[in-house]
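One structure is given below, encoded as structure tokens.
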There are 2 protein chains.
Amino acid sequence: MQFSSSLLENAVNEFAKLPGIGKKTALRLVLHLLKMDASNVQGFGETLIRMRQEIKFCQRCYNIADADICSICSNSMRKQELICVVESIREVIAIESTQQYNGIYHVLGGIISPLDGIGPDQLNIEPLVSRVLKEHTQELIFALNPNIQGDTTIYYIQKKLQGSGVKVTTIARGIAFGGELEYADEMTLARSITNRLPVESYRTGK
Amino acid sequence: MQFSSSLLENAVNEFAKLPGIGKKTALRLVLHLLKMDASNVQGFGETLIRMRQEIKFCQRCYNIADADICSICSNSMRKQELICVVESIREVIAIESTQQYNGIYHVLGGIISPLDGIGPDQLNIEPLVSRVLKEHTQELIFALNPNIQGDTTIYYIQKKLQGSGVKVTTIARGIAFGGELEYADEMTLARSITNRLPVESYRTGK
């Protein structure tokens, strides 16, 4: 692309560095910014800079927070003895959006994946173990993606907690609501038969 | 979406205001920014703010510029008597990228569209007419999108320039390279037969 303005070119190049945004999309976004009020564009830029500079990670659960302890951990209405273990804050946002979970979280910051060079030491596993022992946690719910790396991570943490008396569970796998049985993969279908539920619990969701 | 941080939420909302970016994409972009160095994010934000505040429009052709006159207009190697009339700077960038055009431009800032409430007075038509008369332009090439609004705009400007002796042309319509004849619309196919070219000029592109 040939630009007649280096200011425009720089802005397009900055946008095009973001994942999933090519040069054409970047140009569309920049031309949109040009049509906006200068004050709004200033607000946009300053919001991003401030976010990057001021955002913190909760010292207890490693979730994104505005203060040292995140709003979920510091909420006394939540069950402090129930911890949901997730890979990243994406999953925290997804689970919070269901408005069905009333415990707290622990963000691992990734999962054990030897092929990618990620071992237990690079993740927030040690803090999780010491936290569970110190806080007298009753149950850990693993909400990791169902693959080998996720299973390895669960197995590793479970071993670390052996003898601590903490109940370890994982979220249910099965046919999604709205999913068609004939298109489900065999593993999921087989597991959903093995882990079948009484119809009453299915109806009430309890 | 439920966020545990208002800094994060604000940044996601700002991104989601941009065209074609929903909340999920906005979250992905913001999480990417969080992984970047703070100095790079600062550069990103400041580039956008600076671009919006400092960018100018060329006083001659209304293209985007860093100075009062854009780099295309001030380039003495370009044919100053040949003006390509376009709707927006998008088309300038597209034509410049071909590296085949050696004249200068005039950006209308839109096209005449009574249904959208856009009349000739809201566009840079008056400056174009006075410019053509003052600069002794020899040829105007219209590179507008082929629709009723584009044709209306060409007709309006052509009438304004009647008697000035300026040659008025429009870019060729036809079957695109790589296009299949059987899928071309009838209008394009019919025009491409009416405006057929000698094979030599097709081969050499002159």
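Quick note: the coordinates plus some simple rules give every number you see, no bench work behind them. The structure presented is a predicted model; accordingly, all values stated were derived computationally and were not measured. Cβ coordinates were reconstructed from backbone atoms using ideal geometry, including for glycine residues, and neighbour counts include every protein chain displayed.
When B:Phe177, A:Phe3 are sorted by how many other C-beta atoms sit within 10 angstrom of their C-beta, beginning with the fewest, the order is B:Phe177, A:Phe3. When chain A is turned onto chain B, the axis of that turn runs closest to one Cβ of chain A, and that residue with its distance in whole Å is A:Gly45, 2. Stokes-Einstein diffusion of the protein assembly as shown at 20 °C, 1.002 mPa s viscosity, Kirkwood radius from Cα pairs, rounded to a whole number: 80 µm²/s.
Think of the range B:6-54 as having a plus end and a minus end, set by charges on the Cβ of Lys, Arg, Asp and Glu; of B:Ala26, B:Ser39, B:Asn10, B:Ala26 sits farthest toward the positive end of this dipole. With each label modelled as a point 7 angstrom along the Cα→C-beta vector, the A:Ser97-A:Ser164 pair spans 3.0 nm. The average projected area of the range A:135-184, computed from the convex hull of its Cα atoms over all directions, is 4.7 nm². Mean separation of Cα pairs under 8 Å and 6 or more residues apart, divided by the residue count, gives chain A a relative contact order of 12 percent.
Dipole magnitude for the protein assembly as shown: computed about the Cα centre from +1 point charges on Lys and Arg Cβ and -1 point charges on Asp and Glu Cβ, it is near 120 debye. Helix A:148-160 and the longest principal axis of the Cα set of chain A meet at an angle near 60°. The C-alpha radius of gyration of the range A:71-133, expressed as a fraction of 2.2 N^0.38 Å, stands at 1.22. Counting, for every residue in A:123-136, the Cβ atoms of other protein chains within 10 Å of its Cβ and taking the mean gives 0.
Peptide A:83-94 shows a mean partner chain C-beta count of 2 within 10 Å per residue C-beta.
With the alpha-carbon atoms of the range B:22-143 aligned to their principal axes, the span from lowest to highest coordinate is 55, 40, 26 Å, starting with the largest.
If you take the square roots of the eigenvalues of the alpha-carbon gyration tensor of the range A:77-171 and sort them as a ≥ b ≥ c, do you get rounded (a/c under 1.5), prolate (a/b over b/c) or oblate? It comes out oblate by the Cα gyration axes.
Once backbone amide H atoms are built at 1.01 Å from N, B:Leu161 has no partners under 5 Å, excluding neighbours fewer than 5 places away on the same chain.
DSSP bridge analysis restricted to the protein assembly as shown gives an antiparallel fraction near 20%, rounded to the nearest 5. In summary, the convex hull built on the alpha carbon positions of chain A has an orientation-averaged projected area of 17.5 nm².
Take each residue of peptide B:35-43, count the partner chain Cβ atoms within 10 Å of its Cβ, and average: the result is 3. Taking 7 Å steps out from each Cα toward its Cβ at A:Asp116 and A:Asn145 produces label points 0.7 nm apart.
Database remark: amide H of A:Cys84 closer than 5 angstrom to the amide H of A:Ile104, A:Tyr105, A:His106, A:Ile141 (H placed geometrically; neighbours at sequence offset of 5 or more, or on other chains; Pro and chain starts carry no H).
The value for the range B:1-49 of Rg(Cα) / (2.2 N^0.38 Å) is 1.13.
Taken about its Cα centre, chain A carries a charge dipole of roughly 200 debye when the Cβ of each Lys and Arg holds +1 and the Cβ of each Asp and Glu holds -1. Among the trypsin sites (Lys or Arg not before Pro) within the range A:129-205, those in coil by DSSP and having at most 14 neighbouring Cβ atoms inside 10 Å are A:Arg173, A:Arg196.
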